[in-house]
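Written out below as structure tokens is the structure these notes cover.
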Amino acid sequence: MLDVDFYDARVVEGTTTSIFLDNGKVEDISVDFSRGAGVRALCGGSWGLTSVDGNFDLDKTIDSAAKLAKTMNNKTPKEKINLKSSPEPVVKNTPNVKKNPRDIPIEEKVQFLKDIDESANIEGVSNTTAIYTESIVKYEYTNSEGLDCEHELTRTGFAVSAVASGNGEYQVGRESRFDVSGFELFDENDALALGESAGQTAVDLLSAKKPKGGNMPVILNPELAGVFVHEAVGHASEADLVLEGNSVFENRIGEQIASSLVDVIDDPTLHKYGYYPFDAEGVQSSKTEIIKDGVLNSYLHSRETAAKLGGTPGNSRAQGYSEPVVRMSNTYIDNGESKFEEMLEEIGDGIYLIGSRGGQVNPGEGIFQFNAEKGYLIENGEISSLLRDVSLSGNTLEILKNVTMVGNDLEMNSGRCGKKGQLMPVSDGSPHILVSNALVGGA
Amino acid sequence: MYEMANKALKLAEDKGAEESEVYVLDNHSTSADVRKNIVDSSNENYTKGIGIRAIINGAVGFASTNLYNRLEDTVNIAISSARVREKDPEWVSLPSNTQYPTIRNTFDDKLVQLELEDCIDLTTQMIEGVTSTSDVMATSGSFSRFHDKRLIMNSNGIETEEEGTGVSGFIDVITTTDDKATAYDFKISRNLDLDFYEIGKNAAELAQKSRNGINIEPHKTDVILHPFAFADILENTLASAIDADNVHKGRSSLKGKINEEIATPDFSIVDDGTLDGGIETALTDDEGMPSQKNTVIDKGVFKSYLYDSYRAGKDNVESTGNAIRQSYTGTPSIGLRNFIIDYPQSDVISETDEGVYINTVIGAHTANSISGDFSVEARNAFTIKNGELDKPISSLMISGNVFDLLKNITGAGYDIRSVGGLVTPSIRITDMNVIG
């Protein structure tokens, strides 16, 4: 009757709260109530998408998306898009919320944040900021194949940052915890110790040295290795980028692309920040082994890319009412067998890189650049002076092949990943890894 | 919109707000996406929502919604979050100045009337620009046009409603031969006056020229930064140093440096919310303060920080009209308007015997925004030899500090571009560290 091959709708309704402190003072409290919908329609080889918010009429929105799809298909006809079939999901094993943030008065949240902020304000720190966020969101999914499902997720978290200054220079230390969880997140993490650690990092970095740039062996800590696996490996395994010709992993399934010590996994069923019970296409979430024993095993798929390339859908995600896009969830390098001490012994001289201030990747060429929060020089197998302004750059495939040791101390970190203008909660992680040769940038 | 805004102001006043403000945004945008040389999908977005600020004892509470039936709840939350906060004796007031500037070329009815078919045609032109060069493919890209209406009302008598339009094209390309090289190009305007074919062609030619890159040794040399690269670095370093909020909080290297020489004597920057057809041009900023022209750097000398009304009150100065909101769901922060770079122009490449030309950088957002230190990966970089671009460079990092960089500027090209609101030519910097 609509004359399209397929349509679906995501109706999202939620409340988000954020509190921002600056030097112990409340700088901002904001609360948003919203409801909206993202609707897609498929006609031949063309997608039409309409998003609306507020008090909308869902049928009219579906009509609008259908009109877009039909116009596109008439104007620029292209090969018909097929969608891999998917059974109705079963929402099970969802995270338990022990302390509903709705039941905690705003005064208590503010006080809590003030305590964390204060713990970061150690001697030498000139400025602190702290942020609290909470969201309680209900997702409803329905499509023209008769699927109809819903779930609700609560996410909370906090971040604290400290600035230390001296001799006209400034340095920053940061710590954060975000999770699919209620207010109990704060009982399970020693928030005050994290605040203090952020303050200590900032103070220590003031007297840190800058490294000499060049090629050398490095050890990456779990946070930085996690950022590497997310940015450089995870994005390149997203099937939409592969189909765009924008991934170094194109045509490499079954190929040894990494050291045989490396296993890379994406698992949305883990109760970490990137958790979801079903994705933005109503597909049950499941674990994907992206790299197995160093061999590229699988891309991450939507229903469309799974039909085109062969694979399992379940990694389609959308921020709010936006278009669903192939995304990661909880992505990590799996545990190996090495101990950190063994890595130090093996490396001899090199650099130990810790934490991340973000980075960027060109997944098409497989080139990346990350700035570490800090580093240490390793001399004769021992950790020596603290380094700052250290960055790591290079070629994804070379780094993967140069992994010579994988630790047994996997840790996950939460963050938000940007792609196509949409930010999604994700987590990434790794144990410590030793890379025999990498380009370290300094000043 | 007026009725709803009025109702919210009235509610806030009744519930005890000393001052209040309503910000309503009504946006319609259309986009068409490119994937692998085809127009792949299209999007219509309708956004309409309301954000409410309530001020009690100088403390600001905020809440937002897109549901009219939650308007009263939203006002209540704004009031109660203002009450949770400490009194703020530094709060002065919301804007009340209604002397608006004259602005031009920020609304083009042709963009409002554009049909989806026309949007698809323009997107197709961009792809044709790419495929006019052999062995290059568009990997992704997008066409976008928007039309928005914004209403700002506050309890001090501000009542401003304005409409604006904009259009942009972005294309990412890759060579299809064995030696892979990528490039992108991007243009944006308030009016329907962009050459979409040209956007595609520029990106494709750049990717084509970037193949078979050579390696270079680490050294110090003259570096010319294309407007994309220069803008990217400034936005991630200097922009935060001139934000009055960062200055107050001890997060700016420019604290206490007003009237000091911070750049080479021929270098100036003006932040101008009234620029003819500027991407960030509007009658007012995002809290209703009239837009104006602010000299940031005058012939090397640092002149002014950028302010919204709250931070201006703290320093006992007038707001510079730099309150910016990302959406109706947040309170204003300080941001750049049209940020215009000025340096005497010349044929800068041909005047450079030896050096490096860099089109774009990746990783600029990882710069240390407080110290101004940056270390970025250069893309589509070329060696310069005897005043000409010579060979493409396969992999290159540049690092330095923005405040050193400002003092080492020795040239600018004729190629002024709008990179969003940042308007700049190519800029030459001497003695920059390049790591091959």
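The values are calculated or read from the model by the stated rules, or taken from the named source; none is laboratory data. Here the structure is a predicted model, which means the values were calculated and not measured. Here Cβ is always computed from backbone atoms with ideal geometry, including for glycine, and neighbour counts include all displayed protein chains.
Only one residue in A:Ala307, A:Ala318 is among the small types (Gly, Ala, Ser), over 23 Å from A:Gln256 (Cα atoms) and within 14 Å of chain B (Cβ to nearest Cβ), so which one is that? If you could, list the steps in order and put the result at the bottom.
On the way: A:Ala307 fails: within 14 Å of chain B (Cβ to nearest Cβ).
When all the criteria are applied, what remains is A:Ala318.
Looking at A:Thr17, A:Thr94, can you tell me which residue is touching a residue at least 12 places away in the same chain (Cβ under 8 Å) and in contact with a helix residue (DSSP H, G or I) (Cβ under 8 Å, 6 or more places away or on another chain)? Spell out the reasoning first.
Details: A:Thr94 fails: in contact with a helix residue (DSSP H, G or I) (Cβ under 8 Å, 6 or more places away or on another chain).
Criteria check complete, one pass: A:Thr17.
If the requirement is being at positive phi, assigned by TED's automatic domain parsing to the domain that holds A:Gln256 and in contact (Cβ under 8 Å) with a residue 60 or more places away in the chain, which of these qualifies: A:Lys420, A:Lys401?
Details: A:Lys401 fails: at positive phi.
When all the criteria are applied, what remains is A:Lys420.
Which number in (1) among the charged types (D, E, K, R); (2) over 24 Å from the mean Cα position of the chain (by Cα); (3) part of a strand (DSSP E or B); (4) over 20 Å from B:Gly61 (Cα atoms) marks the one condition that A:Asp3 misses?
(3)
Filter region B:64-120 down to the residues that are within 10 Å of chain A (Cβ to nearest Cβ) and small (Gly, Ala, Ser), then identify the one that is surrounded by the fewest Cβ atoms within 10 Å (Cβ to Cβ).
Per the stated criteria, the residue is B:Ser80.
Counting just the residues of region A:365-390 that are facing chain B (nearest Cβ under 9 Å) and in contact with an Asp or Glu (Cβ under 8 Å, 6 or more places away or on another chain), which one comes out surrounded by the fewest Cβ atoms within 10 Å (Cβ to Cβ)?
Applying the filter and picking the extreme gives A:Ile367.
Return a yes/no flag: does region A:21-31 have any residue that is closer than 30 Å to A:Glu188 by Cα, in a loop (DSSP other than H, G, I, E, B) and within 11 Å of chain B (Cβ to nearest Cβ). Lay out the reasoning, then the answer.
Looking only at region A:21-31, we keep the residues that are closer than 30 Å to A:Glu188 by Cα, and these are A:21-31.
Checking which are in a loop (DSSP other than H, G, I, E, B) leaves us with A:23-24.
Checking which are within 11 Å of chain B (Cβ to nearest Cβ) leaves us with A:23-24.
Checked region A:21-31: at least one residue is closer than 30 Å to A:Glu188 by Cα, in a loop (DSSP other than H, G, I, E, B) and within 11 Å of chain B (Cβ to nearest Cβ).
Going through A:Lys339, A:Lys374, A:Lys401, A:Lys308 one at a time, which residue ends up being of a type in the set (D, E, K, R) and under 30 Å from A:Ala41 (Cβ atoms)?
After applying the criteria, what remains is A:Lys308.
Scan region A:412-420 and give yes if some residue there is within 13 Å of chain B (Cβ to nearest Cβ), in a strand (DSSP E or B) and either farther than 21 Å from A:Gly173 by Cβ or touching a strand residue (DSSP E or B) at 6+ places or on another chain (Cβ under 6 Å) (or both), otherwise no.
Step one: of region A:412-420, the residues within 13 Å of chain B (Cβ to nearest Cβ) are A:418-420.
If we keep only those that are in a strand (DSSP E or B) as well, we get A:418-419.
Now drop any that are not either farther than 21 Å from A:Gly173 by Cβ or touching a strand residue (DSSP E or B) at 6+ places or on another chain (Cβ under 6 Å) (or both), which leaves A:418-419.
Yes: one or more hits.
Residue under question is B:Val223, and the condition is that it be crowded, with 21+ Cβ neighbours inside 10 Å, part of a helix (DSSP H, G or I), assigned by TED's automatic domain parsing to the domain that holds B:Met432 and touching a residue at least 24 places away in the same chain (Cβ under 8 Å); does it hold?
On the way: crowded, with 21+ Cβ neighbours inside 10 Å: yes; part of a helix (DSSP H, G or I): no; assigned by TED's automatic domain parsing to the domain that holds B:Met432: yes; touching a residue at least 24 places away in the same chain (Cβ under 8 Å): yes.
Spelling it out, it is not the case that B:Val223 is crowded, with 21+ Cβ neighbours inside 10 Å, part of a helix (DSSP H, G or I), assigned by TED's automatic domain parsing to the domain that holds B:Met432 and touching a residue at least 24 places away in the same chain (Cβ under 8 Å).
Output the number of residues of region A:353-364 satisfying the condition of being more than 7 Å from chain B (Cβ to nearest Cβ) and within 15 Å of A:Ala236 (Cα to Cα).
Residues flagged as more than 7 Å from chain B (Cβ to nearest Cβ) and within 15 Å of A:Ala236 (Cα to Cα) within region A:353-364 amount to 2.
Go through region B:156-191 and give me each residue that's closer than 27 Å to B:Ser31 by Cα and surrounded by fewer than 18 Cβ atoms within 10 Å (Cβ to Cβ).
Selection gives B:Glu161, B:Glu162, B:Glu163, B:Thr176, B:Ile188, B:Asn191.
Would you check if there is a residue in region B:377-384 being within 12 Å of chain A (Cβ to nearest Cβ) and either without any contact (Cβ under 8 Å) to a residue 40 or more places away in the chain or not in a strand (DSSP E or B) (or both)?
Yes - at least one qualifying residue is present in region B:377-384.
In region A:152-178, what count of residues is obtained for those that are in a strand (DSSP E or B) and either modelled with pLDDT under 90 or basic (Lys, Arg) (or both)? Please lay out each step first, then the result.
First, the residues of region A:152-178 that are in a strand (DSSP E or B): A:152-166, A:169-178.
Okay, now just the ones that are also either modelled with pLDDT under 90 or basic (Lys, Arg) (or both), so A:155, A:165-166, A:169-170, A:174, A:177.
Within region A:152-178, residues that are in a strand (DSSP E or B) and either modelled with pLDDT under 90 or basic (Lys, Arg) (or both) number 7.
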